[in-house]
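Here is the structure we will look at, set down as structure tokens.
The values are calculated or read from the model by the stated rules, or taken from the named source; none is laboratory data. Note that this is a predicted model, so its numbers are computed, not measured. Cβ sites come from the backbone with ideal geometry, for glycine too, and all protein chains shown count toward neighbours.
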Amino acid sequence: MRKFLFIFIAIVLLGATAYFTFIYYVPFSEGYRSGELIKFSRKGVLAKTWEGEISQGISGAQIFEFSVEDSEEDVIQNLKEFQGHYVKVTYKERYATFFWLGDTKYFIVDVEKEKSPHFVN
């Protein structure tokens, strides 16, 4: 009976480790989005995460919600500075997320400030 219990616990732990590893390291998609950065904040009760929104239209009808991992310090700093400006972000989409990483499946890995196509100077 002890051997069966040991094997069962080992299989459960191995399965959980494989699941978490797959979710964290295997991206579902990677891509780019651009728009006006309208929100960037740190929120949460148990685990604080960085969350933001980009408006992809003049009226704000299409909103792209994203998260940023704490390890992306340069991206966090740039997003704080680019608040209210037109930006282009590089993201990776995961199959799922964990509550301590963020609220969305979209994680920003790079950000660049760009000229807005709506206001030509």
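Of the residues making up segment 1-34, those that are modelled with pLDDT of 90 or more, of a type outside the set (Ser, Thr, Tyr) and either in contact with a Leu (Cβ under 7 Å, 6 or more places away or on another chain) or not in a helix (DSSP H, G or I) (or both) number 4. If you go through segment 40-62 and keep only what is in contact (Cβ under 8 Å) with a residue 12 or more places away in the chain, hydrophobic (A, V, I, L, M, F, W, C) and more than 20 Å from residue 101 (Cβ to Cβ), you end up with just 58. Considering only residues in segment 90-121 that are free of Cβ contacts under 8 Å to residues at least 60 places away in the same chain and of a type in the set (Phe, Trp, Tyr), the one that is surrounded by the fewest Cβ atoms within 10 Å (Cβ to Cβ) turns out to be 119.
Against the condition within 16 Å of residue 44 (Cβ to Cβ), of a type in the set (A, V, I, L, M) and not in a loop (DSSP other than H, G, I, E, B), how does residue 76 come out, does it pass? Yes: the conditions hold for residue 76.
Count of segment 90-109 residues, restricted to those that are more than 20 Å from residue 35 (Cβ to Cβ) and in a loop (DSSP other than H, G, I, E, B), is 7. Right, residue 77: surrounded by 12 or more Cβ atoms within 10 Å (Cβ to Cβ) and without any contact (Cβ under 8 Å) to a residue 24 or more places away in the chain or not? No. Looking only at segment 90-102, residues that are over 8 Å from the mean Cα position of the chain (by Cα) and not aromatic (Phe, Trp, Tyr) come to 4 in all. If I filter segment 81-89 for residues that are touching a residue at least 24 places away in the same chain (Cβ under 8 Å), over 15 Å from the mean Cα position of the chain (by Cα), in a loop (DSSP other than H, G, I, E, B) and crowded, with 18+ Cβ neighbours inside 10 Å, do I get at least one hit? Yes, segment 81-89 contains at least one residue that is touching a residue at least 24 places away in the same chain (Cβ under 8 Å), over 15 Å from the mean Cα position of the chain (by Cα), in a loop (DSSP other than H, G, I, E, B) and crowded, with 18+ Cβ neighbours inside 10 Å. Evaluated against (1) in contact (Cβ under 8 Å) with a residue 12 or more places away in the chain; (2) not in a loop (DSSP other than H, G, I, E, B), residue 70 falls short on exactly one condition, (2).
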